[in-house]
Amino acid sequence: MFKTARMRKIKIVTLDKYVAPTVNALYEQGLIQISNISDSIQQDPELAELVTPSKATAYTGKLSSLLMKTSAISELLGNSLSEGHGLKDKIMSFISPDIPVPKEIDDLDTESFIKKAEETINQVEAKTKVIEGEFAALDAETSQLQSNKSLANRLKNIDINLALLQDSKYTSVTVGRINVESSSEIETELSKLTDELSIFMVPDDNKKTSVIVVVTLKDYGDEVYSTLRKFDFEKFDIGNVEGTPQQIISGAESRLQTIESERGSVNKELKVVAEKWDDEILALKEQLENEKAKNEIYAAFVQTKDTFMLEAWVPANDVEKVEKLVESSSDGHCTFETIEIEGTDDEDVPVLQKNPRYAKPYEFLVDMYSPVRYNEIDPTIFVAIMFPFFFGFCLTDAVYGAIVSVIGVVLLRGMGKTKKSMNAFGKILIMCGLWAIVLGLITNGFIGDFPERILGIRLPTVISAVEAFKHPDTILIIAIAVGVIYTNIGFILGAIDNLRYGNKKEAIGSQLCWFVLEAGVVLLALGFLMPAIGMIGMVLGGILILACVGMLIYANGAYGVMDIFGFMGDILSYARLLALCLATGGIAMTVNILTVMVGDMIPFIGFIIAIFIFIFGHIANFLFQVLGAFINALRLNYVEFFSQFFMSGKNKFEAFKASRIFTKIKD
């Protein structure tokens, strides 16, 4: 529970004729993490002379090509099925997503599977390519019509057939827009080029620019354009349009409406194809991804003429299962070497956490900080206990907590069915909400002071001694006490790690000294408060405090004394629990006061405004306080607790395992 799963490194050798079924069996069971054996081979020169690095199989390229095609088809069909879905459909997909029904598939060899995949893709493409061609033609026509319409809008003040503005065999026509103030200078400059030209200018509606048309002989076309470019000239490309601007605009709008209708018909055709083939394509895509992964993994092996060797990480409890699985799939034609890694440099060993079911979702929060290092303490169980408690302490409102729990249930029963992260987050929110409900009920947090201020009743669950706004001092004492206990647990874990690695000096200066300091402070306090202990307690307390200072100087030098302030900061940081508790209740109380005041003071519409203030005020407070509770609950774990002992790792155990969401192998 507090340690990660013990790992072993295993080397497996089998004949080349059995490597495919062996890889397939290992992939379906997902018991190992395959590593690149070439790194190990380089450290063993004798073995390096006997083997050569393996390569991905010859099927890999074909599988990649088929996967790209399938992904494109899947995206096309998926977009078609989701088109037209409104907000309600999106909300329902979040609250109650469709759960895929796995399709039973045959366990085929790679070559047979590729043939079957090609047949399926060809069948679907025979329908989708025609439809895609229709879409492409409609898109191209739409683009051209929109371009023509844009041109016609620019030239709408010229009431002529725009085909007349196209170049001819002997003439060049330059059309564009210029600034009005430059028109005289432009005419002067153009007239210097040749007498064989005609200039027409038509003002735009804004009176600041004009459309200019310059007609000249073909030989002078480039010179005309070069001259116009000196005057901030915007050229229009006339193209092959025909008709007056108004005719072009009218015709384009009419045709665009027709195209939308035609596009709707094509979409209906595509939707029929999607409804028939979407599940098949999703299953095929998953199969291709799995098959590609199996064929690519060969690049991590080494081989001889007749054998293959692979190296993998396996949990110690699964070593026997793996050996039996390989023996079965290779008909006994295999050998194993299991390597013990305990006591070696274990920094690169992948980590597989093994936590009870309750704590499992909180691995997500620990991983947000850093992967746990192999053979080190896994703090997940502590986070599973304290994170919801800290969250509830910060929120301390029963109704707000109930809403958080409801959101957790929605996540769990909705997206949590298809996504592990949402499942974990849903369970975390449920527990956070439950703690907020419990602590809210006993500290008189129920939409602030709603029961007493608006309903005129007092909650029977309230414990007067811990009522937040009457006894904040008690809440502060509880928060600090929790902080001392939780921080001391961190010190104990850190000391265990340091002593295990022989870092006695580090243990003295970073963990053990604080127990001495705490004991000294307790004895000093008892000496002041209890006459029976009196001077003895104060003297012993002073001695222990001085001993702590000596331990700090011994371990960290003279500046080590400054660590006392860091220790005090860590403990006092837990006072944020009181601050957020009061912030939640205080803002909620303010909203309630404003609600009552507005309802009483403003006639007629006061009641409506009061409802508005109540609803939106509490929504805003809820959002801010939930965010604050989540962040600060994380902080108390990450900064104040983890900093005392946590050692970051590099790798999580990533099993070589098939993804089976849309498919399952026939029995």
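Being part of a loop (DSSP other than H, G, I, E, B) and open to solvent by less than 30 Å² (accessible area, probe 1.4 Å) is the filter here, so list the residues in the range 292-310 that pass it.
Across the range 292-310, the qualifying residue is only Phe301.
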Unmet requirement for Gln246, which otherwise passes all of (1) buried (at least 17 other Cβ atoms within 10 Å of the Cβ); (2) in a helix (DSSP H, G or I); (3) modelled with pLDDT of 90 or more: (1)
Only listed residue being assigned to a helix (DSSP H, G or I), open to solvent by less than 60 Å² (accessible area, probe 1.4 Å) and modelled with pLDDT of 90 or more, chosen from Thr14, Thr70: Thr70
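A quick yes/no check of all residues on (1) of a type in the set (A, V, I, L, M, F, W, C); (2) surrounded by fewer than 19 Cβ atoms within 10 Å (Cβ to Cβ):
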residue	(1), (2)
Ser38	no, yes
Ile41	yes, no
Leu47	yes, yes
Ser64	no, yes
Leu76	yes, no
Ser80	no, no
Count of the range 257-266 residues which are in contact (Cβ under 8 Å) with a residue 40 or more places away in the chain and open to solvent by 30 Å² or more (accessible area, probe 1.4 Å): 2
Considering residues of the range 560-592 that are β-branched (Val, Ile, Thr) and either outside any helix (DSSP H, G or I) or open to solvent by 40 Å² or more (accessible area, probe 1.4 Å) (or both) only, the residue farthest from Phe393 (Cα to Cα): Val561
Residues (of a type in the set (D, E, K, R) and in contact (Cβ under 8 Å) with a residue 24 or more places away in the chain) located in the range 352-379: Lys354, Lys360, Glu363, Asp367, Arg373, Glu376, Asp378
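Among the residues of the range 643-652, is any surrounded by fewer than 17 Cβ atoms within 10 Å (Cβ to Cβ), touching a Lys or Arg at 6+ places or on another chain (Cβ under 7 Å) and within 30 Å of Lys420 (Cα to Cα)?
yes
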Hits in the range 98-110 - residues which are of a type outside the set (A, V, I, L, M, F, W, C) and surrounded by 13 or more Cβ atoms within 10 Å (Cβ to Cβ): Pro100, Pro102, Lys103, Thr110
Residue among Leu145, Leu108, Leu164 that alone is more than 34 Å from the chain's Cα centre (by Cα) and touching a residue at least 24 places away in the same chain (Cβ under 8 Å): Leu145
Which numbered condition Ile95 misses (of (1) closer than 30 Å to Gln257 by Cβ; (2) touching a residue at least 60 places away in the same chain (Cβ under 8 Å); (3) exposed (fewer than 15 other Cβ atoms within 10 Å of the Cβ)): (1)
Flag for Pro361 being touching a Lys or Arg at 6+ places or on another chain (Cβ under 7 Å), part of a helix (DSSP H, G or I) and closer than 29 Å to Met7 by Cα: yes
Cβ-Cβ under 8 Å pairs, at least 6 apart or on other chains, the range 241-253 side closer than 17 Å to Glu141 by Cβ, far side of a type in the set (S, T, N, Q): Val241/Asn148; Glu242/Asn161; Gly243/Asn161; Ile248/Asn148; Ile249/Asn153; Ala252/Gln146; Ala252/Asn148
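Among the residues of the range 178-201, how many are of a type in the set (Val, Ile, Thr) and open to solvent by 40 Å² or more (accessible area, probe 1.4 Å)?
First, the residues of the range 178-201 that are of a type in the set (Val, Ile, Thr): 178, 180, 186, 188, 194, 199.
From what's left, open to solvent by 40 Å² or more (accessible area, probe 1.4 Å): 180, 188, 199.
Number of matching residues: 3.
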Pick from the range 227-243, criterion closer than 20 Å to Ile199 by Cα and acidic (Asp, Glu), ranking: most open to solvent (accessible area, probe 1.4 Å): Asp237
Test: residue in the range 219-226 that is open to solvent by less than 70 Å² (accessible area, probe 1.4 Å), of a type outside the set (A, V, I, L, M), more than 21 Å from Lys169 (Cβ to Cβ) and in contact with a Ser or Thr (Cβ under 6 Å, 6 or more places away or on another chain): no
Enumeration of residues in the range 484-532 that are polar (S, T, N, Q) and open to solvent by 40 Å² or more (accessible area, probe 1.4 Å): Asn503
Residue within the range 41-52 that is touching a residue at least 40 places away in the same chain (Cβ under 8 Å) and part of a helix (DSSP H, G or I) present: yes
Which numbered condition Gly599 misses (of (1) part of a helix (DSSP H, G or I); (2) out of contact with any helix residue (DSSP H, G or I) (no Cβ under 8 Å at 6 or more places or on another chain); (3) over 22 Å from Leu623 (Cα atoms)): (2)
Failed item, numbered, when Gly599 is tested on (1) within 30 Å of Asp378 (Cβ to Cβ); (2) open to solvent by less than 60 Å² (accessible area, probe 1.4 Å); (3) not hydrophobic (A, V, I, L, M, F, W, C): (1)
Members of the range 440-458 found to be within 13 Å of Ala588 (Cα to Cα), out of contact with any Lys or Arg (no Cβ under 9 Å at 6 or more places or on another chain) and in a helix (DSSP H, G or I), listed by number: Gly440, Phe450, Arg453, Ile454
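The values are calculated or read from the model by the stated rules, or taken from the named source; none is laboratory data. Predicted model only: the values in this text are computed from it and were never measured. Neighbour counts run over all protein chains shown; Cβ positions are idealised from the backbone, glycine included. All accessible areas refer to the heavy atoms of the entire protein, side chains included, with ligands and DNA or RNA removed. Shrake-Rupley method; radii C 1.70, N 1.55, O 1.52, S 1.80 Å.
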